[in-house]
Amino acid sequence: MQYSQKVMDHFMNPRNVGEMQDADGTGTCGNPVCGDLMTFYVRIEPRTDELEKARICEIRFKTFGCGAAIAVASMASEMAKGKTLSQVIDLSRNDVTDGLDGLPPVKMHCSNLGVQAIHEAIKDYLTKIGRQDLAEKIRGCPKEEH
Amino acid sequence: MIYLDYNATTPTDQRVIKAMLPYFHDISANPSSIHNAGQKARQAVESARATLAKMLKCQTDEIYFTSGGTESDNIAVKGTAFAGGKRKKIVTSAIEHHAVLTTCEYMHKFGFEIVKVPVDQYGIVDLNVLEKEVDDDTLLVSVMHANNEIGTLQPIREVSKITQRHGAIFHTDAVQTVGKMPIDIPSMGIDMLSLSGHKFYGPKGVGALVVRKGMRFDPLSHGGHHEQRKRAGTENVPGIVGLGKTCEIAIDEMDAEEKRLRKLRDRLWQGISTKVSELKLNGHPEKRLANTLNFSVKYIEGESMLLQLNMNDIGASSGSACTSGSLEASHVLLAMGVPHDMAHGSLRFSLGRFNTETDIDKVISVFPGIVEKLRAISPLYKPSITGMHKE
Ligand code: FES
């Protein structure tokens, strides 16, 4: 597999790996293509419903998947850390793959999971603080298609 | 690089290369030519054919040189199907190599009924189902000798008894066993057999199809009168010489080599399985190629293990969906009933001639760390719980 140096670096030394006790939000997405799994945990500060103010101050993830999936999760976690929720909601899979200097074509689908699972964690946070209305506007994991 | 991917391909043995070299320039005439130079090339081709026949216990004129296993499988399936006749059924197994499976599926287009016989948990073809499926309408039964992914050996003699009862042709893809274990075509009841040079230290791009006398099959490539008009095209003389040489070496060395590899393979499994928890061996524990070790590591994925192994200069392979171009998990493991997540975490080490005990011990020493690292990342792994409920 021809992976970029950045991918290999994030794969060999993934940042922000782990779980989180009492996370403000958690999100898990599965990859319908090959059956992989990614879970993100976020801590938010300040814990407000103002998307421009609330920031992801801490982030952790766990991944069951290929090298690309692990690198994607690591890169996505770095990109989301310290950002406001509105900034993170704007993050796309392309931002993550660009950050990794690209992925082989057959691995592009692995890039979905990272941002989706973080968005799912944000949805979870917003729901927990009583803002389902905001949560519903965010696309998290793709819905099962069968 | 510690190369443990011999079932994918093998390096060409230096002795084979040496035998081939004169046939690129010095003895490079066309074996079909009348002149002396041509006849020298012809002799080399025929002497290679004789070596193959000796190794497989068949007749020299039953051997047709091809470009390798895939072509041999294609001729076996399409050639018999196109040869005509009333029979319209092809029976194969669910764990065949794609060269057989896809070719069989293709014949569906030409009005053939294709049946894939299931396998048990060890990857052994279900003889009861085979017995039921093979009937007097069955033209061809194709069941491989040993599976490339898991190494499981098929009950060839039992299969041929069934095919003989119904007058069906029995083809076996023996690409993984030729040169690694003794094969006796007549006493095993084999009608057609595919083999490939590069799977046992010969060059890539050469193989053979053995067809017992009396079997009807059409050529795939038409043209000159080569290979008894069954495979047109100037012979790959250096390749064929290399194939002959690699068979000659195999005849001498395979018994001792089989024992040596079995010991190394078992040492590898012993070493890994005592250090790493929650592994599952894939394939039959005994009825299996001596060089093949396939197992699943719970909670983690194969490609990530391969990448980590590669960083440690170790080359292996996996049946994970993430390593296949099609993003589908190994059809072999799934056919054996291995759950999807375990197929995902499967790993194959296939050993060969140039592996040493030092190689194996290096793998044993680095592998547990790789598993630990990846399990630490996995959301499926809960050490506190799994530690208490070891299987
Ligand atoms: S997670 Fe399966 S290919 Fe990347």
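The values are calculated or read from the model by the stated rules, or taken from the named source; none is laboratory data. Worth saying up front: this structure is predicted, and the values here are computed from it rather than measured. Cβ placement follows ideal geometry from the backbone for every residue including glycine, while neighbour counts extend to all protein chains displayed. When the accessible area is computed, the model is the full protein with side chains, heavy atoms only, and any ligands, DNA or RNA have been set aside. Shrake-Rupley method; radii C 1.70, N 1.55, O 1.52, S 1.80 Å.
Observations on the model:
- B:Leu374 being touching a residue at least 60 places away in the same chain (Cβ under 8 Å), open to solvent by less than 30 Å² (accessible area, probe 1.4 Å) and within 13 Å of chain A (Cβ to nearest Cβ): yes
- Test: A:Glu50 is in contact (Cβ under 8 Å) with a residue 12 or more places away in the chain, open to solvent by 20 Å² or more (accessible area, probe 1.4 Å) and more than 16 Å from the ligand (Cβ to nearest atom): no
- Every residue from the stretch A:18-32 that is more than 15 Å from the ligand (Cβ to nearest atom), within 13 Å of another protein chain (Cβ to nearest Cβ), under 12 Å from the mean Cα position of the chain (by Cα) and open to solvent by less than 30 Å² (accessible area, probe 1.4 Å): A:Gly27
- Scanning the stretch B:217-251 for residues that are under 21 Å from the mean Cα position of the chain (by Cα) and of a type in the set (Asp, Glu) yields one hit, B:Glu248.
- In the stretch A:36-47, of all residues being at pLDDT 95 or above and open to solvent by less than 40 Å² (accessible area, probe 1.4 Å), the one that is nearest to the ligand (Cβ to nearest atom) corresponds to A:Thr39.
- Residue check for B:Ser296: without any contact (Cβ under 8 Å) to a residue 12 or more places away in the chain and either open to solvent by less than 20 Å² (accessible area, probe 1.4 Å) or within 13 Å of the ligand (Cβ to nearest atom) (or both): no
Let's see how each residue does on (1) under 30 Å from B:Lys362 (Cα atoms); (2) in contact (Cβ under 8 Å) with a residue 12 or more places away in the chain:
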site	(1), (2)
B:Ile17	yes, yes
B:His35	no, no
B:Gln39	no, no
B:Val45	no, yes
B:Arg49	no, yes
B:Cys58	no, yes
B:Thr66	no, yes
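- For the stretch B:317-331, a residue qualifies if it is in a helix (DSSP H, G or I) and either near the ligand (Cβ under 9 Å from one of its atoms) or of a type in the set (Gly, Ala, Ser) (or both), and the qualifying residues are B:Ala321, B:Cys322, B:Thr323.
- The sole residue among B:Val363, B:Val297 that is β-branched (Val, Ile, Thr) and farther than 30 Å from B:Arg15 by Cα is B:Val297.
- Selection from the stretch B:100-129 of residues that are surrounded by 22 or more Cβ atoms within 10 Å (Cβ to Cβ) and part of a helix (DSSP H, G or I): B:Val100, B:Thr103, B:Cys104
- Looking across the stretch B:300-323, the residues that are open to solvent by 30 Å² or more (accessible area, probe 1.4 Å) and more than 7 Å from chain A (Cβ to nearest Cβ) come down to B:Leu306, B:Asn310, B:Asn312, B:Asp313, B:Thr323.
- Restricting B:Gly224, B:Gly271, B:Gly283 to those that are within 29 Å of B:Asn74 (Cβ to Cβ) and out of contact with any Phe, Trp or Tyr (no Cβ under 7 Å at 6 or more places or on another chain) reduces the list to B:Gly224.
For every residue, the table says whether it meets (1) more than 16 Å from the ligand (Cβ to nearest atom); (2) within 27 Å of A:Asp133 (Cα to Cα); (3) within 14 Å of the chain's Cα centre (by Cα); (4) not aromatic (Phe, Trp, Tyr).
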residue	(1), (2), (3), (4)
A:Gln2	no, no, no, yes
A:Asn16	yes, no, yes, yes
A:Cys34	no, no, no, yes
A:Cys66	no, no, no, yes
A:Ala69	no, no, yes, yes
A:Gln87	yes, yes, yes, yes
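- Selection status of B:Asn74, surrounded by fewer than 17 Cβ atoms within 10 Å (Cβ to Cβ) and among the polar types (S, T, N, Q): no
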